[in-house]
Amino acid sequence: MSADIAHKLERNLEIHDAAARGRLRRARIVLTLGPLTSAVGVGWAVLQPWRLTLLHPHGQGFYWLFAEPPLYVALVGVLFRWLLAPGIAADVLEGPE
Amino acid sequence: MILAGIKPQAEFVHWWFATGFLILGLLLVSEAVVGHDVWAMRPWRRYLWPSFAFLMGVLMFPVMTFFTNSTIHMIAHGSWAQVLLLTGGAELGLARGKLHSQYWRLCSALGLAVSGAAFLVHEQNGWLFARAAFLHHLAGWTLLVAALFPLLQAFRPRSLTAAYGFGFTFLVLAVILYSDRDIAPIFGHLSYYAGVPHR
C-alpha cells in the first residue's frame, strides 16, 4: 500500500516537474524575443550601414533622419523586453497551465 | 505644393507600418508561446494587439488621403484601413466580452484576404519590374495564404499552428515592408521605366 502511494507521489512529482520545466521554457522564450529582435536590428545596421542616415547626416532632410529602420527594429526589441516580457514571464511561472 | 514638400516618401511610410506589424507580430507570437489564459491574466494585455491593429487602421486613412498616385492605390489603402478597423474592432469586442462567438475571428481572416487581394490588384507591374513590385506581389500572396490561419482559429481556437502562423505572418510582413525601396533592383532586375534609384 505504502509502495503504491510512494509510486503515485513520485509520478505526481514527475508530472509537476515536467509542467514546471515547460513553464520555465516558455518564460525563457518570451524573455529572449526582445533581445533577439534587437540583435536582428543591430545585425541589420552592421550589414547595411547606409540604411542609417544618422551615421552620415550631412545634407539629409527630416524624414531621412527620422526613418531609421534598423534602429526601429532594435528599439522595438528593447521596449518589448523592458515593458512587456517581464510581466508575461512572471505570469507564465505563476499562472494557470 | 506645400503638401508635396512635407509628404514623406512612400518607402518611409512602408517602414513605419513595418514597425507596427513587427510589434503586432511580437505580441501575437508571445501570446501563442504562453497561451491565451496566461496572456489574459492582466486585463490590459487582452486589448493590446487589437487596439494596435485598430490604431493602424486609423493611421491608414491619412495614407489613403495623401498617397493618391492612382484611384486603385486609394481603393487599396482605403480597403486596408477598413479591414484593419474591422479586425481590431472585432478583436476588441471579443477581448471586452461584448462579442462572444468565436466566429468573429473570421474578421481577421477577411482582413488578411482583402489585404492580400488589394496588394495584388493595385500592383500593376510584373514581379521583376522593381523591388517594390516584387514585394507587393510577395506580400499579396503571403497574406492570401496566411488568411488560412485566422480561418483555422475561428473553428479551432486552441490550435497552436494557427496561433503561431497568425503571429509569424505579421513578422514576415514586417520584413517584406522593411525591404521596400521606392526605386531599387530586385535580384539584379530593374526596369528602365521604373526610374533611377535615388540612394
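State yes or no: is B:Q124 free of Cβ contacts under 8 Å to residues at least 60 places away in the same chain and surrounded by fewer than 19 Cβ atoms within 10 Å (Cβ to Cβ)? Answer is yes for this residue. Considering (1) in contact with a His (Cβ under 7 Å, 6 or more places away or on another chain); (2) at pLDDT 90 or above, the lone condition that B:H73 does not fulfil carries the number (2). Just one of the listed residues (B:E123, B:E91) is among the acidic types (D, E) and within 22 Å of B:V29 (Cα to Cα), namely B:E91. With respect to the stated conditions, B:Q153 fails to be closer than 24 Å to B:H73 by Cβ and among the polar types (S, T, N, Q). Against the conditions (1) within 13 Å of chain A (Cβ to nearest Cβ); (2) among the charged types (D, E, K, R); (3) over 20 Å from B:L143 (Cβ atoms), where does B:R96 fall short? Just the number, please. Failed condition: (1).
Consider segment B:1-45 and keep the residues that are among the basic types (K, R) and in contact with an Asp or Glu (Cβ under 9 Å, 6 or more places away or on another chain). The one that is farthest from A:A19 (Cα to Cα) is B:R45. When you look at B:Y164, is it crowded, with 21+ Cβ neighbours inside 10 Å and at pLDDT 90 or above, yes or no? Against the criterion (crowded, with 21+ Cβ neighbours inside 10 Å and at pLDDT 90 or above), B:Y164 does not qualify. Among all positions in segment B:128-146, there is no residue which is in contact with a Cys (Cβ under 9 Å, 6 or more places away or on another chain), in contact (Cβ under 8 Å) with a residue 24 or more places away in the chain and either within 21 Å of B:A53 (Cβ to Cβ) or β-branched (V, I, T) (or both).
Criterion applied to B:M60, B:M64 was being among the aliphatic types (A, V, I, L, M), under 20 Å from the mean Cα position of the chain (by Cα) and more than 19 Å from B:L48 (Cα to Cα), and the one residue passing it is B:M64. Among the residues of segment B:154-184, those identified as part of a loop (DSSP other than H, G, I, E, B) and within 20 Å of B:F12 (Cβ to Cβ) are B:S179, B:D180, B:R181, B:D182, B:I183, B:A184. Contact map, segment B:176-187: residues that are of a type in the set (K, R) paired with residues that are at pLDDT 85 or above and assigned to a helix (DSSP H, G or I), Cβ distance under 8 Å, separation 6+ or inter-chain. Pairs shown: B:R181/B:E11; B:R181/B:R131; B:R181/B:A132. Within segment B:151-167, the set of residues being away from chain A (no Cβ under 12 Å) and either among the small types (G, A, S) or closer than 18 Å to B:I23 by Cβ (or both) comprises B:A154, B:S159, B:A162, B:A163, B:G165, B:F166.
So that you can scan it fast, the table gives a plain yes or no per residue for (1) under 19 Å from A:A85 (Cα atoms); (2) surrounded by 18 or more Cβ atoms within 10 Å (Cβ to Cβ); (3) free of Cβ contacts under 8 Å to residues at least 40 places away in the same chain; (4) within 14 Å of chain A (Cβ to nearest Cβ):
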residue	(1), (2), (3), (4)
B:H14	no, yes, no, yes
B:L24	yes, yes, no, yes
B:A32	yes, yes, no, yes
B:M56	no, yes, yes, no
B:W80	no, yes, yes, no
B:L84	no, yes, yes, no
B:G88	no, yes, yes, no
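Scanning segment A:61-97 for residues that are over 18 Å from the mean Cα position of the chain (by Cα) and under 28 Å from A:Q48 (Cβ atoms) returns A:G61, A:F62, A:Y63, A:W64, A:L65, A:F66, A:A67, A:E68, A:P69.
Of all residues assigned to segment B:128-136, at least one qualifies as being among the charged types (D, E, K, R) and touching a Pro at 6+ places or on another chain (Cβ under 7 Å).
The values are calculated or read from the model by the stated rules, or taken from the named source; none is laboratory data. Source: prediction; values computed, not measured. When we count neighbours, we look across all protein chains shown, and the Cβ atoms used for this are built from the backbone with ideal geometry, even at glycine.
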